[in-house]
1. Put a dot 7 Å past each Cα toward the Cβ at T21 and D61; how far apart are the dots in nm?
2. Can you list the HN-Hα couplings for the range 98-105, worked out from phi with the Karplus curve (6.51, -1.76, 1.60; θ = phi - 60°), rounded to whole Hz and with x for Gly and Pro?
3. Could you pull out every residue, at least 5 positions away or on a different chain, whose amide H is within less than 5 Å of the one on H67? Hs are placed 1.01 Å off N in the peptide plane, and Pro or chain starts have none.
4. Return the calculated 222 nm mean residue ellipticity for the chain, to the nearest 500 deg cm²/dmol, obtained by summing -39500 (n - 2.57) across DSSP H runs with n ≥ 4 and dividing by the residue count.
5. For the Cα atoms of the chain, what angle does the longest principal axis make with the long axis of helix 16-26, in degrees from 0 to 90, nearest 10?
6. For a quick check: with amide H placed at 1.01 Å from N, whose amide H comes under 5 Å from V13's, ignoring anything fewer than 5 positions away on the same chain?
7. Run the count for the chain, please: Lys pairs, Cα-Cα under 26 angstrom, 8 or more apart or on different chains.
8. If you plug each phi of the range 37-45 into the Karplus form 6.51 cos²θ - 1.76 cosθ + 1.60 with θ = phi - 60°, what whole-Hz ³J(HN,Hα) values come out, in order, with x for Gly and Pro?
Amino acid sequence: MVNLGLDHIHLYVKDLEEAITFYKMVGLEFVEYTSHGGKAAMMRVPGSPVSFEIQETRVIDNPGFNHLAFVVDDLDDLCDSYKANGVKVDGPLDNKATGRRLATIRDPHGFLIQLVQKK
């Protein structure tokens, strides 16, 4: 049994400030501006560890959903299990900037799923 929890959701938007204003109105709290992949901000569900990475689109990006990220206990074991079931896995790798281990997979429709193990 895999211990899986939602870590974050990453969205691309056309206008970062407009998105921040909207998501504040929806009820998210603004945490900070970041430079993650360009002009971006971190927002959070109040009282929850689940965050929303909201990034302004670049020329190569389409506005919309980028990826879901799940936090896992044992990234290596999970990746081995996925590979044994024929799933293509990118990683695991160490992200020195965040101090976390990451891997990515795609669902049958091509949606990107990020797997995160906190150190």
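FYI, it's all coordinate maths here, none of it is from the lab. Remember, it's a predicted structure, so these values are computed and weren't measured experimentally. Don't worry about glycine lacking a Cβ; one is built from the backbone with ideal geometry, like all the others, and counts go over all protein chains shown.
1. With each label placed 7 Å out from Cα toward Cβ, I get 2.0 nm.
2. These are the phi-based 3J(HN,Hα) values: 9, x, 10, 9, 10, 8, 10, 9 Hz.
3. Placed amide hydrogens put H10 under 5 Å from H67.
4. Numbers: 2 runs with 21 residues, N = 119.
So the calculated ellipticity at 222 nm is -5500 deg cm²/dmol.
5. 90 degrees
6. Residues meeting the criterion, in which the H sits 1.01 Å from N, are Q55, E56, T57, G64.
7. Taking the Cα cut-off of 26 Å, the pair count is 13.
8. x, x, 6, 8, 9, 10, 10, 9, 6
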